[in-house]
Amino acid sequence: MTEGLPQQINYLVDEGMSTSKGSNTIISYIHHFFLNYGLGDMRVNLHCDNCSGQNKNKYVVWYFLWRAIHLLHQQVTMNFRITGHTKFGPDWCFGLVKQKFRRTKVSSLSEIAGVVQASTISGVNIPQLVGNEAGNVFVVQYDWQSFLAPYFKPLVGILKLHHLRFNSNKPGSVFVKETVGDVEKEIQLLKNVAQLPPIQLPAPVAPPGIGLDRQWYLFNKIVNFAAKRSKT
């Protein structure tokens with residue numbers, strides 16, 4: 001969610017387009033967001049939940065180091081929510097989508113995108129399809145893990161850290177704090193400071209599609225609940 005606008009981009013993922021819920025997927029969506037919905041700001045302040053499988057892991061840290069190294073941002077700050085204070089802007093937007101979804105007949109990806117679009121009068125919620133039923137890919141997913149692993153070391157103790165900062169003036173370094181009042185500590189994560197990761201994008205990861213058994217299940221058990229307009 002971009003609070004200054006305000007506007008939230010909601011990535012809608014068909015099961016045939018879902019490679020995983022891990023860091024490759026999350027980083028690919030973040031990268032797509034900056035390319036297509038970013039405002040051109042060189043300094044970014046991010047607020048994130050504490051999900052280690054998606055947001056708070058070594059690959060996301062490496063990705064923002066990669067962005068800083070190649071001057072895609074001058075500075076990125078990541079702030080992670082503390083226990084008991086995990087509700088923030090996106091939860092409001094998700095709640096509005098849920099309210100509209102409960103009152104709407106949905107049988108296709110385009111219809112769920114319409115629900116997101118219509119969930120707010122002011123247009124705060126924006127739908128972004130990752131792909132469609134025909135197999136067309138709108139948001140490419142990349143193998144960021146394999147791409148970044150040769151160049152960076154893990155950030156030790158990441159789970160207890162709540163504030164991370166990346167700066168283009170310090171390639172490969174992350175500045176960390178456990179609490180907002182702590183003094184920042186600089187940690188160099190490049191394995192070799194003379195060997196930087198290239199700016200070229202990683203290899204794309206093809207969507208898995210839907211297996212034959214799953215297709216037959218959907219046809220035999222689910223399709224009768226869909227509207228006629230969505231069965232063609």
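The values are calculated or read from the model by the stated rules, or taken from the named source; none is laboratory data. Not measured: the values here are computed from a predicted model. Neighbour counts are summed over all protein chains in view; Cβ atoms, including those assigned to glycine, are modelled from backbone coordinates with ideal geometry. Accessible surface is based on the protein model in full, side chains and every heavy atom, while ligands, DNA and RNA are left aside. Shrake-Rupley method; radii C 1.70, N 1.55, O 1.52, S 1.80 Å.
Short version: what are the Cα gyration tensor semi-axes of segment 42-176, square root of 5 times each eigenvalue, largest first, in whole Å? Walk me through the numbers on the way to the answer.
Working: eigenvalues 214, 75, 39 Å².
Largest first, segment 42-176 gives 33, 19, 14 Å.
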Label points 7 Å out from Cα along the Cβ direction at ALA206 and ILE222: separation in nm?
2.2
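Suppose a student asked you for the relative contact order of the chain, using Cα pairs under 8 Å spaced at least 6 residues apart; what percent would you report?
Working: 343 pairs, mean separation 63.4, N = 232.
For the chain, the relative contact order is 27 percent.
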Of all lysine pairs in segment 78-219 that are eight or more residues apart or on different chains, those with Cα atoms under 13 Å apart total 4
Net charge (Lys, Arg +1; Asp, Glu -1) of residues whose beta-carbon lies under 11 Å from that of ARG214, ARG214 excluded, is -1
Per-residue ellipticity at 222 nm for the chain, helices alone: DSSP H runs ≥ 4 residues times -39500 (n - 2.57), over residue total, nearest 500 deg cm²/dmol?
-8000 deg cm²/dmol
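What number does segment 130-232 give for Rg over Rh if you use C-alpha atoms and the Kirkwood radius?
Working: Rg = 22.3 Å, Rh = 18.3 Å.
That ratio is 1.22, to two decimals.
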Per the Cauchy relation, a quarter of the hull surface: what is the mean projected area of the convex hull of the alpha carbons in the chain, in nm²?
14.7
Can you give the Rg to Rh ratio for segment 1-79, taking only C-alpha atoms and Rh from Kirkwood?
0.95
Given +1 on the Cβ of Lys and Arg, -1 on the Cβ of Asp and Glu, and no further charges, what dipole in debye does the chain carry about its Cα centre, rounded to the nearest 20?
440
Taking a ≥ b ≥ c as the square roots of the eigenvalues of the Cα gyration tensor of segment 181-232, is the shape rounded (a/c under 1.5), prolate (a/b larger than b/c) or oblate?
prolate
Hey, in the GNM for the chain with a 10 angstrom Cα cutoff, which one of ASN36, ASN125, ASN220 fluctuates hardest?
ASN220
If you build the Cα gyration tensor of segment 79-146 and take the root of 5 times each eigenvalue, what three semi-axes come out, in whole angstrom, biggest first?
24, 23, 10
Within the chain, percent of DSSP bridges classed antiparallel, to nearest 5:
60
For the Cα atoms of the chain, what angle does the longest principal axis make with the long axis of helix 89-102, in degrees from 0 to 90, nearest 10?
10
State, to one decimal in nm, how far the label point of ASP41 lies from the label point of SER230, with both points 7 Å from Cα in the Cβ direction.
3.6
Förster radius 25 Å - calculated FRET efficiency between SER20 and GLN188 (Cβ-Cβ, nearest 0.05):
0.25
Tell me the relative contact order for segment 171-210 as a rounded percent, counting alpha carbon contacts under 8 Å between residues six or more apart.
31
With every protein chain kept in the model, how would you rank ILE30, ILE222, ILE121 by accessible area, 1.4 Å probe, largest at the top?
ILE121, ILE222, ILE30
By how many nm would the segment from ARG214 to ALA134 grow when fully extended, if each residue of separation counts as 0.36 nm and the alpha-carbon distance is taken off?
27.2 nm
Once normalised by the length of segment 17-126, the mean sequence separation of its alpha carbon contacts under 8 Å that are 6 or more apart gives a contact order in percent of 23
